[in-house]
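Take a look at the structure set out below.
The values are calculated or read from the model by the stated rules, or taken from the named source; none is laboratory data. Fair warning: this is a prediction, and the values are worked out from it, not measured in the lab. Neighbour counts run over all protein chains shown; Cβ positions are idealised from the backbone, glycine included. Note: accessible area is taken over every heavy atom of the protein model, side chains too, but ligands, DNA and RNA are not part of it. Shrake-Rupley method; radii C 1.70, N 1.55, O 1.52, S 1.80 Å.
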Amino acid sequence: MRWLVVGVLALHGLIHAMGFAKAFGFAELPQLGQPISRAMGVAWLLAGGLVIATAAMLAIGSRHTWMAGAIAILLSQAVILTAWRDAWAGTLANIVLLLVVAHSWFTAGPRSFQAQFERDAAEGLARITASAIVTDTDLAPLPAPVQRYLRLAGVVGQPRVQNYRLRFTGRIRSAPGAAWMPFEADQQSFADPPTRLFHMRARMFGLPVDVFHRLTSGHATMQVKLIGAISMVDARGPEMDRAETVTLFNDMCLLAPGTLVGPGITWEPIDGHSARARFTNAGQTISAELLFDADGWLSNFVSDDRTRSSPDGRTFTPLRFSTPVRDHRAFGPLTLAAYGEGRWLLPEGEFIYGEFELQDVTMNLPPR
(Lines give C-alpha, C1' and ligand atoms only; values in the text may rest on other atoms or scores of the structure.)
Protein backbone atom coordinates (compact mmCIF):
# COMPACT_ATOMS: atom_id res chain seq x y z
CA MET A 1 0.00 0.00 0.00
CA ARG A 2 2.78 2.43 0.89
CA TRP A 3 4.41 2.06 -2.52
CA LEU A 4 1.08 2.64 -4.27
CA VAL A 5 0.66 5.88 -2.33
CA VAL A 6 4.26 6.87 -3.12
CA GLY A 7 3.54 6.31 -6.81
CA VAL A 8 0.33 8.38 -6.72
CA LEU A 9 2.09 11.27 -5.02
CA ALA A 10 5.10 11.14 -7.34
CA LEU A 11 2.79 11.25 -10.37
CA HIS A 12 0.83 14.10 -8.79
CA GLY A 13 4.07 16.04 -8.34
CA LEU A 14 5.14 15.46 -11.94
CA ILE A 15 1.76 16.65 -13.24
CA HIS A 16 2.34 19.94 -11.43
CA ALA A 17 5.28 20.50 -13.79
CA MET A 18 2.74 20.93 -16.59
CA GLY A 19 1.78 24.29 -15.10
CA PHE A 20 5.43 25.37 -15.21
CA ALA A 21 5.81 24.18 -18.80
CA LYS A 22 2.64 26.04 -19.83
CA ALA A 23 3.73 29.29 -18.15
CA PHE A 24 7.17 29.33 -19.81
CA GLY A 25 6.00 28.09 -23.20
CA PHE A 26 7.91 24.80 -23.07
CA ALA A 27 4.82 22.92 -24.28
CA GLU A 28 1.43 23.76 -25.83
CA LEU A 29 -0.66 21.66 -23.40
CA PRO A 30 -4.11 22.44 -24.82
CA GLN A 31 -5.69 20.60 -21.85
CA LEU A 32 -4.69 23.61 -19.74
CA GLY A 33 -6.99 26.21 -21.26
CA GLN A 34 -6.55 28.91 -18.65
CA PRO A 35 -3.50 31.21 -18.93
CA ILE A 36 -0.75 30.76 -16.33
CA SER A 37 1.66 33.59 -15.53
CA ARG A 38 5.35 32.93 -15.11
CA ALA A 39 5.15 33.66 -11.39
CA MET A 40 2.38 31.10 -11.04
CA GLY A 41 4.39 28.70 -13.19
CA VAL A 42 7.19 28.83 -10.64
CA ALA A 43 4.62 28.19 -7.90
CA TRP A 44 3.35 25.15 -9.82
CA LEU A 45 6.92 23.82 -10.08
CA LEU A 46 7.64 24.45 -6.41
CA ALA A 47 4.42 22.70 -5.38
CA GLY A 48 5.31 19.72 -7.55
CA GLY A 49 8.78 19.54 -6.07
CA LEU A 50 7.38 19.56 -2.55
CA VAL A 51 4.89 16.78 -3.38
CA ILE A 52 7.68 14.67 -4.89
CA ALA A 53 9.88 15.36 -1.85
CA THR A 54 7.03 14.20 0.39
CA ALA A 55 6.71 11.02 -1.67
CA ALA A 56 10.44 10.37 -1.31
CA MET A 57 10.31 10.96 2.45
CA LEU A 58 7.38 8.56 2.72
CA ALA A 59 9.35 5.96 0.75
CA ILE A 60 12.33 6.09 3.12
CA GLY A 61 10.17 6.31 6.26
CA SER A 62 11.25 9.79 7.32
CA ARG A 63 9.82 11.03 10.62
CA HIS A 64 9.41 14.50 9.11
CA THR A 65 7.11 13.51 6.23
CA TRP A 66 4.24 15.42 7.84
CA MET A 67 6.19 18.69 7.76
CA ALA A 68 6.98 18.63 4.05
CA GLY A 69 3.56 17.20 3.23
CA ALA A 70 1.67 19.93 5.08
CA ILE A 71 3.48 22.66 3.13
CA ALA A 72 3.03 20.72 -0.11
CA ILE A 73 -0.75 20.46 0.40
CA LEU A 74 -1.13 24.18 1.03
CA LEU A 75 0.87 25.24 -2.02
CA SER A 76 -0.51 22.52 -4.29
CA GLN A 77 -4.12 23.29 -3.47
CA ALA A 78 -3.49 27.02 -3.79
CA VAL A 79 -2.21 26.70 -7.36
CA ILE A 80 -4.99 24.24 -8.23
CA LEU A 81 -7.58 26.82 -7.14
CA THR A 82 -6.07 29.36 -9.55
CA ALA A 83 -6.77 26.97 -12.43
CA TRP A 84 -9.74 25.08 -10.95
CA ARG A 85 -11.54 24.40 -14.24
CA ASP A 86 -8.49 22.57 -15.65
CA ALA A 87 -6.85 21.20 -12.50
CA TRP A 88 -9.67 20.32 -10.06
CA ALA A 89 -8.84 16.60 -10.23
CA GLY A 90 -5.55 17.30 -8.45
CA THR A 91 -7.60 17.86 -5.29
CA LEU A 92 -8.24 14.10 -5.17
CA ALA A 93 -4.49 13.47 -5.00
CA ASN A 94 -4.21 16.14 -2.31
CA ILE A 95 -6.78 14.24 -0.24
CA VAL A 96 -4.44 11.25 -0.41
CA LEU A 97 -1.59 13.56 0.59
CA LEU A 98 -3.66 14.86 3.51
CA LEU A 99 -4.13 11.29 4.77
CA VAL A 100 -0.36 10.76 4.54
CA VAL A 101 0.28 13.95 6.51
CA ALA A 102 -2.26 12.97 9.17
CA HIS A 103 -0.76 9.50 9.59
CA SER A 104 2.77 10.90 9.74
CA TRP A 105 1.67 13.46 12.34
CA PHE A 106 0.07 10.85 14.58
CA THR A 107 2.97 8.38 14.34
CA ALA A 108 5.96 10.77 14.25
CA GLY A 109 4.70 14.21 15.20
CA PRO A 110 5.50 15.98 18.48
CA ARG A 111 2.71 14.17 20.40
CA SER A 112 3.46 10.70 19.02
CA PHE A 113 4.91 7.69 20.82
CA GLN A 114 8.04 8.14 18.71
CA ALA A 115 8.53 11.71 19.94
CA GLN A 116 7.86 10.73 23.56
CA PHE A 117 10.35 7.86 23.25
CA GLU A 118 13.03 10.20 21.94
CA ARG A 119 12.33 12.86 24.60
CA ASP A 120 12.56 10.29 27.41
CA ALA A 121 15.74 8.83 25.91
CA ALA A 122 17.36 12.27 25.59
CA GLU A 123 16.44 13.11 29.18
CA GLY A 124 18.13 9.94 30.41
CA LEU A 125 21.21 10.44 28.27
CA ALA A 126 21.66 13.96 29.63
CA ARG A 127 22.67 12.54 33.02
CA ILE A 128 25.30 10.05 31.75
CA THR A 129 28.76 10.23 33.39
CA ALA A 130 31.99 8.27 33.08
CA SER A 131 31.83 4.66 34.28
CA ALA A 132 34.35 2.22 35.74
CA ILE A 133 35.64 -0.89 33.96
CA VAL A 134 34.22 -4.32 34.86
CA THR A 135 36.91 -6.56 36.38
CA ASP A 136 37.16 -10.18 37.49
CA THR A 137 36.79 -8.92 41.05
CA ASP A 138 33.30 -7.63 40.17
CA LEU A 139 32.33 -11.14 39.02
CA ALA A 140 33.61 -12.93 42.14
CA PRO A 141 30.33 -12.72 44.18
CA LEU A 142 28.26 -14.24 41.34
CA PRO A 143 27.38 -17.95 40.95
CA ALA A 144 29.86 -19.87 38.79
CA PRO A 145 27.60 -20.27 35.70
CA VAL A 146 26.81 -16.56 35.75
CA GLN A 147 30.51 -15.69 35.95
CA ARG A 148 31.26 -17.98 33.03
CA TYR A 149 28.47 -16.46 30.95
CA LEU A 150 29.65 -12.90 31.57
CA ARG A 151 33.18 -13.81 30.52
CA LEU A 152 31.91 -15.49 27.34
CA ALA A 153 29.78 -12.44 26.57
CA GLY A 154 32.87 -10.20 26.80
CA VAL A 155 31.74 -8.12 29.78
CA VAL A 156 35.12 -8.14 31.58
CA GLY A 157 37.26 -5.21 30.45
CA GLN A 158 34.26 -3.19 29.23
CA PRO A 159 32.82 -0.10 30.97
CA ARG A 160 29.96 -0.71 33.36
CA VAL A 161 26.68 -0.37 31.50
CA GLN A 162 24.85 2.89 32.09
CA ASN A 163 22.52 2.69 29.11
CA TYR A 164 21.88 0.57 26.04
CA ARG A 165 20.08 1.14 22.74
CA LEU A 166 18.59 -1.84 20.88
CA ARG A 167 16.87 -2.44 17.57
CA PHE A 168 14.69 -5.48 16.87
CA THR A 169 12.64 -7.02 14.12
CA GLY A 170 10.31 -9.97 14.48
CA ARG A 171 6.69 -10.95 14.77
CA ILE A 172 4.16 -11.12 17.58
CA ARG A 173 0.66 -12.49 18.16
CA SER A 174 -2.02 -12.17 20.82
CA ALA A 175 -3.10 -15.79 21.26
CA PRO A 176 -2.53 -19.33 19.95
CA GLY A 177 -3.95 -19.49 16.46
CA ALA A 178 -4.02 -15.69 16.07
CA ALA A 179 -2.36 -14.10 13.06
CA TRP A 180 1.27 -13.09 13.42
CA MET A 181 2.00 -9.36 13.20
CA PRO A 182 5.42 -8.34 11.84
CA PHE A 183 7.12 -5.57 13.79
CA GLU A 184 10.14 -3.32 14.12
CA ALA A 185 11.14 -1.95 17.50
CA ASP A 186 13.59 0.43 19.17
CA GLN A 187 14.52 0.27 22.83
CA GLN A 188 16.43 2.60 25.10
CA SER A 189 17.18 1.42 28.63
CA PHE A 190 19.13 2.82 31.57
CA ALA A 191 20.81 1.04 34.48
CA ASP A 192 20.52 3.80 37.10
CA PRO A 193 17.76 4.50 37.76
CA PRO A 194 16.40 1.36 36.04
CA THR A 195 14.41 2.55 33.05
CA ARG A 196 12.98 0.79 29.99
CA LEU A 197 11.57 2.55 26.92
CA PHE A 198 10.30 0.24 24.16
CA HIS A 199 8.63 1.52 20.99
CA MET A 200 7.25 -1.06 18.58
CA ARG A 201 5.69 -0.52 15.16
CA ALA A 202 3.60 -3.47 13.99
CA ARG A 203 0.87 -4.15 11.44
CA MET A 204 -2.54 -5.64 12.21
CA PHE A 205 -4.76 -6.57 9.26
CA GLY A 206 -2.58 -4.32 7.13
CA LEU A 207 -3.02 -1.30 9.41
CA PRO A 208 -0.13 0.24 11.39
CA VAL A 209 -0.13 -0.26 15.16
CA ASP A 210 2.09 1.73 17.55
CA VAL A 211 3.05 0.20 20.93
CA PHE A 212 4.91 2.04 23.69
CA HIS A 213 6.13 0.35 26.89
CA ARG A 214 7.50 2.79 29.46
CA LEU A 215 9.01 1.89 32.85
CA THR A 216 10.39 4.78 34.87
CA SER A 217 10.71 5.27 38.65
CA GLY A 218 9.22 1.82 39.19
CA HIS A 219 5.95 2.61 37.38
CA ALA A 220 5.03 1.18 34.00
CA THR A 221 2.56 1.83 31.21
CA MET A 222 1.73 -0.05 28.03
CA GLN A 223 -0.09 1.94 25.38
CA VAL A 224 -1.28 0.78 21.98
CA LYS A 225 -2.70 2.95 19.21
CA LEU A 226 -4.09 2.03 15.81
CA ILE A 227 -2.66 4.22 13.00
CA GLY A 228 -1.09 6.29 15.76
CA ALA A 229 -4.42 7.91 16.63
CA ILE A 230 -6.99 5.44 18.00
CA SER A 231 -6.24 4.21 21.52
CA MET A 232 -6.64 0.44 21.87
CA VAL A 233 -4.80 -0.26 25.15
CA ASP A 234 -3.71 1.90 28.08
CA ALA A 235 -2.48 -0.52 30.76
CA ARG A 236 -1.02 0.67 34.04
CA GLY A 237 -1.08 -0.14 37.74
CA PRO A 238 0.69 -2.51 40.18
CA GLU A 239 0.38 -5.60 37.95
CA MET A 240 1.86 -3.67 35.03
CA ASP A 241 4.69 -2.34 37.24
CA ARG A 242 5.60 -5.87 38.32
CA ALA A 243 5.35 -7.34 34.81
CA GLU A 244 7.61 -4.67 33.32
CA THR A 245 10.12 -5.13 36.14
CA VAL A 246 10.43 -8.78 35.07
CA THR A 247 10.86 -7.67 31.46
CA LEU A 248 13.52 -5.14 32.47
CA PHE A 249 15.50 -7.79 34.32
CA ASN A 250 15.08 -10.17 31.39
CA ASP A 251 16.65 -7.51 29.15
CA MET A 252 19.51 -7.05 31.60
CA CYS A 253 20.31 -10.77 31.58
CA LEU A 254 20.01 -11.34 27.83
CA LEU A 255 20.85 -8.02 26.20
CA ALA A 256 23.01 -6.08 28.66
CA PRO A 257 24.77 -8.73 30.79
CA GLY A 258 27.21 -6.14 32.11
CA THR A 259 24.37 -4.82 34.29
CA LEU A 260 24.39 -8.07 36.31
CA VAL A 261 27.34 -6.81 38.36
CA GLY A 262 25.26 -3.85 39.48
CA PRO A 263 23.20 -3.27 42.64
CA GLY A 264 19.72 -4.58 43.37
CA ILE A 265 20.41 -8.24 42.52
CA THR A 266 20.85 -11.11 44.96
CA TRP A 267 21.93 -14.54 43.72
CA GLU A 268 21.25 -18.10 44.78
CA PRO A 269 23.35 -20.87 43.18
CA ILE A 270 21.36 -23.92 42.04
CA ASP A 271 23.85 -26.08 40.16
CA GLY A 272 26.54 -25.82 37.48
CA HIS A 273 24.00 -24.88 34.79
CA SER A 274 21.47 -22.70 36.60
CA ALA A 275 21.10 -19.93 39.16
CA ARG A 276 18.26 -17.99 40.75
CA ALA A 277 18.24 -14.21 40.93
CA ARG A 278 16.11 -11.71 42.81
CA PHE A 279 15.97 -8.22 41.38
CA THR A 280 14.66 -5.23 43.33
CA ASN A 281 13.63 -1.95 41.73
CA ALA A 282 11.70 0.86 43.46
CA GLY A 283 10.45 -1.49 46.19
CA GLN A 284 9.39 -4.18 43.69
CA THR A 285 11.20 -7.54 43.99
CA ILE A 286 10.89 -10.24 41.34
CA SER A 287 12.72 -13.52 40.88
CA ALA A 288 13.85 -15.56 37.90
CA GLU A 289 15.78 -18.72 37.14
CA LEU A 290 18.62 -18.49 34.62
CA LEU A 291 19.48 -21.62 32.65
CA PHE A 292 22.82 -22.10 30.88
CA ASP A 293 23.75 -24.56 28.13
CA ALA A 294 26.72 -26.93 28.04
CA ASP A 295 28.93 -24.23 26.49
CA GLY A 296 28.11 -21.74 29.23
CA TRP A 297 25.73 -19.46 27.30
CA LEU A 298 22.54 -18.25 28.92
CA SER A 299 19.88 -20.25 27.08
CA ASN A 300 16.67 -19.45 28.94
CA PHE A 301 15.14 -17.09 31.49
CA VAL A 302 12.13 -18.32 33.47
CA SER A 303 9.97 -16.34 35.89
CA ASP A 304 6.62 -16.83 37.64
CA ASP A 305 6.37 -13.13 38.52
CA ARG A 306 5.16 -11.78 35.19
CA THR A 307 1.48 -11.53 34.26
CA ARG A 308 -0.14 -11.76 30.86
CA SER A 309 -2.47 -8.87 30.09
CA SER A 310 -5.83 -9.23 28.40
CA PRO A 311 -6.13 -7.78 24.86
CA ASP A 312 -7.59 -4.55 26.29
CA GLY A 313 -4.91 -4.30 29.01
CA ARG A 314 -7.46 -4.25 31.85
CA THR A 315 -6.90 -7.64 33.48
CA PHE A 316 -3.74 -9.61 34.20
CA THR A 317 -3.24 -13.37 34.60
CA PRO A 318 -0.19 -14.81 36.41
CA LEU A 319 1.55 -17.28 34.11
CA ARG A 320 5.02 -18.75 33.80
CA PHE A 321 7.06 -16.59 31.45
CA SER A 322 10.18 -17.74 29.61
CA THR A 323 12.50 -16.48 26.88
CA PRO A 324 14.63 -19.19 25.29
CA VAL A 325 17.42 -17.73 23.14
CA ARG A 326 20.00 -18.94 20.65
CA ASP A 327 22.35 -17.90 17.83
CA HIS A 328 24.90 -15.96 19.87
CA ARG A 329 27.03 -13.61 17.77
CA ALA A 330 29.13 -10.50 18.06
CA PHE A 331 27.50 -7.10 18.58
CA GLY A 332 30.46 -4.78 18.86
CA PRO A 333 32.69 -5.92 21.76
CA LEU A 334 29.94 -8.17 23.21
CA THR A 335 28.55 -11.54 22.18
CA LEU A 336 24.78 -11.78 22.63
CA ALA A 337 21.89 -14.00 21.55
CA ALA A 338 20.59 -12.80 18.19
CA TYR A 339 17.29 -14.68 18.37
CA GLY A 340 14.82 -15.12 21.20
CA GLU A 341 11.24 -16.12 21.85
CA GLY A 342 8.68 -14.90 24.36
CA ARG A 343 6.60 -17.74 25.79
CA TRP A 344 3.67 -18.18 28.18
CA LEU A 345 2.89 -21.47 29.86
CA LEU A 346 -0.86 -21.85 29.36
CA PRO A 347 -2.94 -24.66 30.92
CA GLU A 348 -3.01 -26.37 27.52
CA GLY A 349 0.73 -26.02 26.96
CA GLU A 350 3.48 -23.56 26.09
CA PHE A 351 2.53 -20.72 23.75
CA ILE A 352 5.07 -18.70 21.73
CA TYR A 353 3.70 -15.16 21.54
CA GLY A 354 6.74 -13.40 20.12
CA GLU A 355 9.83 -14.01 18.01
CA PHE A 356 12.58 -11.39 18.32
CA GLU A 357 15.66 -10.90 16.15
CA LEU A 358 18.27 -8.53 17.54
CA GLN A 359 19.60 -6.27 14.79
CA ASP A 360 21.76 -3.72 16.56
CA VAL A 361 23.14 -2.95 20.04
CA THR A 362 24.92 0.15 21.31
CA MET A 363 26.15 0.32 24.88
CA ASN A 364 26.73 3.56 26.77
CA LEU A 365 25.56 6.19 24.32
CA PRO A 366 27.08 9.59 25.16
CA PRO A 367 25.03 12.48 26.52
CA ARG A 368 22.95 14.41 24.00
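Think of region 260-368 as having a plus end and a minus end, set by charges on the Cβ of Lys, Arg, Asp and Glu; of Val261, Thr315, Pro366, Pro366 sits farthest toward the positive end of this dipole. Taking all protein chains together and a 1.4 Å probe, the residues Phe106, Phe321, Phe26 rank Phe26, Phe106, Phe321 from largest to smallest accessible area.
Using every pair of distinct Cα positions in the chain, the Kirkwood expression returns a hydrodynamic radius of 23.3 angstrom.
Where in the chain are the DSSP H helices whose C-alpha atoms run 30 Å or more along the long axis and whose mean Kyte hydropathy is at least -1.0?
Sorted by number, the helices that extend far enough and score high enough are 2-23, 38-60.
Across the chain, C-alpha contacts under 8 Å between residues 6 or more apart give a mean separation that, scaled by the residue count, equals a relative contact order of 13 percent.
By the gyration tensor of its Cα atoms, with a ≥ b ≥ c the square roots of the eigenvalues, what is the shape of region 98-216: rounded for a/c under 1.5, prolate for a/b over b/c, or oblate? It is oblate, given that a/c is not under 1.5 and a/b is not larger than b/c.
Measuring how big region 159-272 is from its alpha-carbon positions, Rg and Dmax come out at 15.8, 50 Å. Other residues with beta-carbon under 14 Å from the beta-carbon of Phe117 carry, at +1 per Lys or Arg and -1 per Asp or Glu, a net charge of +4.
Taking Trp44, Trp3, Trp105, Trp297 and ordering them by how much accessible surface each has at a 1.4 Å probe, largest first, produces Trp3, Trp105, Trp297, Trp44. Ligands, DNA and RNA aside, Leu345 has an accessible area near 80 Å² when probed at 1.4 Å. Here the label points at Ala140 and Leu345, each 7 Å from Cα along the C-beta direction, are separated by 3.7 nm in the simple model.
For region 29-154, take the alpha-carbon Rg, divide it by the Kirkwood Rh, and send me Rg/Rh.
That ratio equals 1.40.
Surface calculation, 1.4 Å probe, protein heavy atoms: Ser309 sits at approximately 40 Å² accessible. For region 217-323, take the alpha-carbon Rg, divide it by the Kirkwood Rh, and send me Rg/Rh. Over the Cα atoms of region 217-323, Rg/Rh equals 1.03. Roughly how many percent of the accessible protein surface of region 7-47 is carbon and sulfur, given a 1.4 Å probe and a whole-percent answer? For region 7-47, the apolar C and S fraction of the accessible surface comes to 73 percent. Here each label is just a point 7 Å from Cα along the line to Cβ, and for Thr91 and Leu365 those points are 4.5 nm apart.
For region 1-150, the solvent-accessible area works out to 53 Å² per residue, with a probe of 1.4 Å and every protein chain left in place. Remark: relative contact order (region 233-304) = 21 percent; criterion is Cα-Cα distance under 8 angstrom and separation of 6 or more residues. A straight chain from Ala115 to Ala330 at 0.36 nm per residue would run longer than the Cα-Cα distance by 74.4 nm.
Residue-normalised convex hull volume from the C-alpha trace of region 186-228: 50 Å³ per residue. Under 18 Å from the 7 Å Cα→Cβ point of Ala282, by amide nitrogen: which residues of region 302-340? So the set is 306-307. Taking the 1.4 Å solvent-accessible surface of region 57-143 as the whole, the part contributed by carbon and sulfur is 70%. Spin-label model, Ala122/Met232: points 7 Å from Cα along the beta carbon direction are separated by 2.9 nm. A Förster distance of 22 Å, applied to the separation of the beta-carbon atoms of Phe24 and Leu98, puts the FRET efficiency at 0.15. The protection proxy used here, the mean number of other Cβ atoms lying within 10 Å of each residue, ranks peptides 246-259, 205-218 as follows, highest first: 246-259, 205-218. Ordered from highest to lowest accessible area with the whole protein assembly present and a 1.4 Å probe, Tyr149, Tyr339 read as Tyr339, Tyr149. Heavy-atom accessible area for Thr82, with the other protein chains in place and a 1.4 Å probe, reaches approximately 80 Å².
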